[in-house]
Amino acid sequence: MNILVINSGSSSLKFQIIETDQTLIDSSTDKIKLKGLIDRIGTQALAKISVPNGIEIKESVAIRDHSAALDYIFKKITSGTLNLDGIFSLSDIHAIGHRVVHGGEKFSKSVLVDKTVLKSIEDCIDLAPLHNPANLKGIQATLALFGEKVPHAVVFDTAFHSTIPEVNYLYALPYQYYRRYRIRKYGFHGLSHRYVSYHYRKKVGIERDKVNIITVHLGNGCSICSIKEGKSFNTSMGFTPLAGLIMGTRAGDIDASIPEYLAHKEGITLSDIDILLNKASGLLGISGLTNDMRELLDEEREHHDRRATLAIDMFTMRIKHYLGAYLAEMGGADAIIFTGGIGENSSEVRRRICEGLQFLGIELNEQANKEKCLGVEGDISTPNSKVKAWVIPTNEELMIARDTFRCVNGLPAF
Ligand code: AMP
């Protein structure tokens with residue numbers, strides 16, 4: 001089945017076409033047929049499309065909205081210049097899977113799109129004012145192009161965390177605010193944590209309810225998730241993706257009184273502070289240089305920049321803090337798993353996180369740690385390590401494609 005996977009942002013459209021048949025467990029049967037990104041929709045957009053046969057398109061083109069972006073993509077596909085394997089027209093797309101950031105408390109799994117589902121996603125706009133409207137734009141655009149005869153599924157970033165128990169998802173605010181406004185921890189990056197957890201259990205050959213691990217997603221956004229008996233038990237992002245770990249430009253956890261104090265001192269509004277906490281903080285804010293971990297590591301190595309080192313040290317210390325907390329909460333774990341751009345590629349960051357954690361049973365194998373980069377997966381711990389450490393490259397698009405296949409064929413979630 002050829003599945004068009006759509007990840008729609010407010011001015012961007014990321015897409016892949018993946019052939020998947022998830023009744024076969026072996027993921028080597030999943031084939032990426034095309035990948036692309038259209039950025040800066042609404043102005044002179046930048047379009048990139050690449051195909052495994054080596055053909056690449058990069059061009060600057062005027063694209064007014066998400067529907068026009070889809071028209072552009074399908075003109076390219078049907079023109080034949082991409083030489084795609086088995087895709088010649090719209091009818092060769094058998095289903096469409098959309099990433100939706102926030103499913104609130106309504107969605108604990110992926111579902112097929114219908115009017116009620118669309119209304120429920122709209123109802124969650126309040127909780128994700130930046131993301132859900134953008135996701136809806138993508139859904140409306142594919143519905144307009146393909147019609148309702150082609151099944152559409154929605155896959156939520158929050159759904160995996162719907163198993164987090166009340167004791168972990170409630171904030172210690174007056175309870176009526178949970179009842180009235182559903183203020184609670186929702187958690188995000190669910191597709192990544194779920195994919196990595198699934199991949200780990202397939203690798204080590206255990207049943208889902210035997211999986212007791214901590215997954216550490218470190219990219220531009222970062223979150224950590226404890227998975228107990230195969231289910232999300234706690235995660236570091238909260239009501240919004242601002243909470244928890246230090247990220248590229250997001251502060252992660254801070255004392256809740258700081259915004260009011262800062263507003264008063266700087267004479268700025270709460271919404272200015274929201275922007276400051278989301279866009280100007282984290283690695284960028286501390287280093288004053290960049291939100292990019294690779295550049296910070298270069299600065300540290302080449303120029304011994306004190307604040308680059310400080311940013312990396314704070315980043316890794318916060319992760320240690322959560323590892324300790326989650327190991328205590330869940331009563332130990334069998335493995336911790338690194339993923340995301342930093343987690344998959346930086347052996348140095350992984351080394352600094354695991355340094356000094358031998359007392360918790362985590363012992364890195366230095367050589368294996370150095371070798372597991374650039375898409376290489378595997379165990380990076382010593383044979384004696386009581387808690388194993390692994391690197392598993394994430395694949396959120398594949399997760400969306402497989403869930404879409406399952407929704408369309410009425411198969412249970414995995
Ligand atoms: P993502 O959001 O998952 O694409 O991850 C982006 C982050 O991964 C950026 O901070 C990159 O600098 C970081 N990253 C990618 N490759 C490396 C690398 N080889 N070493 C360190 N950080 C990396």
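Rule-based calculations on the coordinates, nothing more; no lab input. Everything quoted here is computed from the prediction, not taken from an experiment. Don't worry about glycine lacking a Cβ; one is built from the backbone with ideal geometry, like all the others, and counts go over all protein chains shown.
Loop only per DSSP, at most 10 neighbouring Cβ atoms within 10 Å: give me the trypsin sites (Lys or Arg not before Pro) in region 304-366, ordered by residue number.
none
Going by the alpha-carbon gyration tensor, a ≥ b ≥ c the square roots of its eigenvalues, is region 117-238 rounded (a/c under 1.5) or, if a/c is not under 1.5, prolate (a/b greater than b/c) versus oblate?
It is oblate, given that a/c is not under 1.5 and a/b is not larger than b/c.
Put +1 on the Cβ of each Lys and Arg and -1 on the Cβ of each Asp and Glu in the chain; which of Val100, Leu398, Phe414 then has its Cα farthest toward the positive end of the dipole?
Going by the Cα projections, it comes out as Phe414.
Name the most mobile residue of Thr81, Thr394, Thr290, meaning the one with the largest mean-square fluctuation, in a Gaussian network model of the chain with Cα contacts below 10 Å.
Thr81
Taking every Cα atom in region 267-321, find the radius of gyration and the maximum pairwise distance Dmax, and write them in Å.
My reading of the Cα-based Rg and Dmax gives 12.7, 39 Å.
Test of understanding: extend the Cα→C-beta vector of His303 to 7 Å, then name every residue of region 241-284 with backbone N under 18 Å from that spot.
Backbone N within reach: 283-284.
Calculate, axis by axis, the spread of Cα positions in region 295-348 along the three principal axes, and write the results as whole Å, longest axis first.
Result, largest extent first: 42, 20, 12 Å.
Over what distance in Å are the Cα centres of region 310-372 and region 136-169 separated?
31
Where in region 87-195 are there trypsin sites (Lys or Arg not before Pro) that are in a DSSP coil and have at most 15 other Cβ atoms within 10 angstrom of their Cβ?
When the trypsin sites (Lys or Arg not before Pro) of region 87-195 are filtered for loop state and at most 15 Cβ neighbours within 10 Å, Lys109, Lys149, Arg182 remain.
Please report, for the Cα atoms of region 61-148, the Rg to one decimal and the Dmax as a whole number; what are they, in angstrom?
15.0, 44
Between Gln44 and Leu411, what is the label-point separation in nm under the 7 Å Cα-to-beta-carbon projection?
My value for the distance between the label points is 4.6 nm.
Which one, Asn53, Asn345, Asn365, has the greatest fluctuation when you compute a Gaussian network model over the chain with C-alpha springs under 10 angstrom?
It is Asn53.
What distance in nm lies between label points placed 7 Å from Cα along the C-beta direction at Arg208 and His264?
5.0
Can you give the calculated 222 nm mean residue ellipticity of the chain, where each DSSP H run of n ≥ 4 adds -39,500 (n - 2.57) and the sum is split over every residue, rounded to the nearest 500 deg cm²/dmol?
Estimated from H runs of four or more residues: -11500 deg cm²/dmol.
Specify whether the C-alpha gyration tensor of region 275-393 places it in the rounded, prolate or oblate class, a ≥ b ≥ c being the square roots of the eigenvalues: rounded for a/c under 1.5, otherwise prolate if a/b is larger than b/c and oblate if not.
prolate
Between Ser271 and Lys109, with labels modelled 7 Å along Cα→Cβ, what's the label distance in nm to one decimal, could you check?
Result for the modelled spin labels: 4.0 nm.
For the chain, compute Rg over Rh where Rg is the Cα radius of gyration and Rh is the Kirkwood radius from the inverse mean 1/r over Cα pairs.
On the Cα set of the chain, Rg over Rh gives 0.96.
With a cut-off of 8 Å between alpha carbons and a minimum separation of six or more residues, what is the relative contact order of the chain in percent?
Relative contact order here is 14 percent.
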